Amino acid sequence: MSDIAPAGPEGYGGIHADIVALLDAARRAAARSVNALMTASYWEIGRRIVEFEQGGQERASYGDDLIKRLGADLSEQFGRGFGWRNLAQMRSFYLTWPANKILQTPSAKSKVLQIHQTPSDKSSTGRIAETPSRNSIDLPALANSFPLPWSAYVRLLSVKSEAARAFYETEALRCGWSVRQLDRQVNSQFYERIALSRNKAAMLQKAEAAEPGDAITPEQALKEPFVLEFLNLKDEYSESDLEDALIQHLADFLLELGDDFAFIGRQRRLRLDNNWFRIDLLFFHRRLRSLLVIDLKVGEFSHADAGQMHMYLNYAREHWTKPGENPPVGLVLCTSKGSNEAHYALDGLPNKVMAAEYQTMLPDEKLLIDELEKTRRALEAKRVGRGDAGDAGR
């Protein structure tokens, strides 16, 4: 390609760098804007739930039923991001950051938010004006009161000490912590450690520095599960093309084995505490009357894989197993060059007789490994063939 313009800040390199910087800034601004509006919406949802509950003793007595009914109805209309657990979290969010508290933040001091006053806010500074209609809430103005992303507030909600929570919130704002940094500092008990330290200034200064992996790109921020649910966008789970193809082939292969296997879902997402996980494949075995949880790893099998599978099984047993069904069983498949393994997780079953029955009816582990290895070789050969054809065409 011929030079379009001389190199340097006045040439092509300069305009390319300027446009890259512009687009990067625009994407970061878009991610912040979506997150702030989402957080404001969730706070407002929490406020309205609390207001409804405070409408009298009769309403307060069925608060849990209200959230569960709302969760069912809203999930049907807006997706699983508005289930009863998430609504309960929004309620806790409002109670932890009530109107009189968020108006004390620097970003809110210059604005008079039009927020309908609740009984719990009657002691506030009077800067909250009542509105003639709930629908007149100014979400963009309210969003200015939440400088942190929603996932950061979710993480802060798990901090039980009010003093510690306020400290982490302040430091996250002061240092510009990403959610990953905030999570790391909370997990390392930074608040407790700094309280015991004789050199608090040095510790605070050190906490400002990010570690490798702390940064979150605008793309990652917009693809966060919270944001995807809020925008009602499809959650595209990004894995390598090889793993994606292997998962698809495995699903097809199991369905071809007979009518015992009923396909339920692929990349089934679940949340444990504040962490998101995805199960590669979920089947139901008709004769066993049991869920089959499948996790595929492109790499060697480790004890961490087994531990993760048991975590999945505990979750599936509690949340996905229906009355009359047997406990779920897990299958961990690890496929890597020279090291292919398959492991059924059966030790969660009530007795050895059931475990033996499962082993009889489930596919042989060697059969699955052989099929995956054959598929892997075919996919790699196909990829190499495409590469050779591309080289020949140059």
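The values are calculated or read from the model by the stated rules, or taken from the named source; none is laboratory data. Model, not experiment: these values are computed from the prediction. As a convention, Cβ positions derive from the backbone with ideal geometry for all residues, glycine included, and neighbour counts pool all protein chains shown. Calculation scope for accessible area: heavy atoms of the full protein, side chains included, ligands and nucleic acids excluded. Shrake-Rupley method; radii C 1.70, N 1.55, O 1.52, S 1.80 Å.
The test for being hydrophobic (A, V, I, L, M, F, W, C), modelled with pLDDT of 60 or more and either touching a strand residue (DSSP E or B) at 6+ places or on another chain (Cβ under 6 Å) or open to solvent by less than 20 Å² (accessible area, probe 1.4 Å) (or both) holds for Ala99. For the stretch 289-305, a tally of residues being open to solvent by 30 Å² or more (accessible area, probe 1.4 Å) and at pLDDT 80 or above returns 1.
What residue, among those in the stretch 190-220 that are more than 21 Å from Ala25 (Cβ to Cβ) and part of a loop (DSSP other than H, G, I, E, B), is modelled with the highest pLDDT?
So in the stretch 190-220, the residues more than 21 Å from Ala25 (Cβ to Cβ) come out as 190-209, 211-213.
From what's left, part of a loop (DSSP other than H, G, I, E, B): 197-199, 208-209, 211-213.
Numbers: Ser197: 76, Arg198: 76, Asn199: 79, Glu208: 74, Ala209: 73, Glu211: 68, Pro212: 61, Gly213: 61.
So, considering only residues that are more than 21 Å from Ala25 (Cβ to Cβ) and part of a loop (DSSP other than H, G, I, E, B), the one modelled with the highest pLDDT is Asn199.
Sort out which residues of the stretch 289-328 are touching a helix residue (DSSP H, G or I) at 6+ places or on another chain (Cβ under 9 Å) and within 14 Å of Ile264 (Cβ to Cβ), and write them in order of number. Listed by number, the residues that qualify are Ser290, Leu291, Leu292, Val293, Ile294, Pro328.
Please tell me if Asp280 is touching a residue at least 24 places away in the same chain (Cβ under 8 Å) and surrounded by fewer than 14 Cβ atoms within 10 Å (Cβ to Cβ). Walk me through how you get there before you give the answer.
Details: touching a residue at least 24 places away in the same chain (Cβ under 8 Å): yes; surrounded by fewer than 14 Cβ atoms within 10 Å (Cβ to Cβ): no.
The answer is no for Asp280.
Kindly check whether there is at least one residue in the stretch 340-349 that is part of a strand (DSSP E or B), open to solvent by less than 30 Å² (accessible area, probe 1.4 Å) and at pLDDT below 80. I'd like the intermediate steps shown before the answer.
Restricting attention to the stretch 340-349, the residues satisfying the condition of being part of a strand (DSSP E or B) are 340-345.
Now drop any that are not open to solvent by less than 30 Å² (accessible area, probe 1.4 Å), which leaves 342, 345.
Right, trim to at pLDDT below 80 and you get 342, 345.
Yes.
Name the residue that is most open to solvent (accessible area, probe 1.4 Å), counting only residues in the stretch 245-265 that are free of Cβ contacts under 8 Å to residues at least 40 places away in the same chain and in contact with a Lys or Arg (Cβ under 9 Å, 6 or more places away or on another chain).
Taking the stretch 245-265 first, the residues free of Cβ contacts under 8 Å to residues at least 40 places away in the same chain are 248, 251-252, 255-256, 258-259, 261-265.
Among the residues that remain, those that are also in contact with a Lys or Arg (Cβ under 9 Å, 6 or more places away or on another chain) are: 248, 251, 259, 261-262.
Working: Gln248: 77, Ala251: 6, Asp259: 110, Phe261: 19, Ala262: 36 Å².
Only one residue fits best here, namely Asp259.
Has the stretch 232-247 got at least one residue that is part of a loop (DSSP other than H, G, I, E, B), at pLDDT 80 or above and among the basic types (Lys, Arg)?
From the stretch 232-247, those part of a loop (DSSP other than H, G, I, E, B) are 232-240; that's our starting set.
After this cut, where a residue has to be at pLDDT 80 or above as well, the list is none.
No, the stretch 232-247 contains no residue that is part of a loop (DSSP other than H, G, I, E, B), at pLDDT 80 or above and among the basic types (Lys, Arg).
Let me confirm something: among Ser120, Ser151, Ser124, which residue is at pLDDT below 85 and open to solvent by less than 30 Å² (accessible area, probe 1.4 Å)? Ser124 is the lone residue from the list that is at pLDDT below 85 and open to solvent by less than 30 Å² (accessible area, probe 1.4 Å).
Would you mind stating whether Asp3 is of a type in the set (Asp, Glu) and either at pLDDT 85 or above or outside any loop (DSSP other than H, G, I, E, B) (or both)? Explain how you work it out, then say what you get.
Details: of a type in the set (Asp, Glu): yes; either at pLDDT 85 or above or outside any loop (DSSP other than H, G, I, E, B) (or both): no.
So Asp3 does not fit the description; no.
Counting only residues that are farther than 15 Å from Lys101 by Cα and assigned to a helix (DSSP H, G or I), the stretch 158-189 holds 16 of them.
In this structure, is Asp305 in a strand (DSSP E or B) and within 26 Å of the chain's Cα centre (by Cα)? Taking the combined requirement at face value, the residue does not satisfy it. Within the stretch 129-136, can one find any residue that is open to solvent by less than 50 Å² (accessible area, probe 1.4 Å), modelled with pLDDT of 60 or more and either among the β-branched types (Val, Ile, Thr) or in a loop (DSSP other than H, G, I, E, B) (or both)? No; the residues of the stretch 129-136 include none that is open to solvent by less than 50 Å² (accessible area, probe 1.4 Å), modelled with pLDDT of 60 or more and either among the β-branched types (Val, Ile, Thr) or in a loop (DSSP other than H, G, I, E, B) (or both).
When restricted to residues that are free of Cβ contacts under 8 Å to residues at least 24 places away in the same chain, open to solvent by less than 50 Å² (accessible area, probe 1.4 Å) and out of contact with any Asp or Glu (no Cβ under 9 Å at 6 or more places or on another chain), the stretch 172-193 contains 1.
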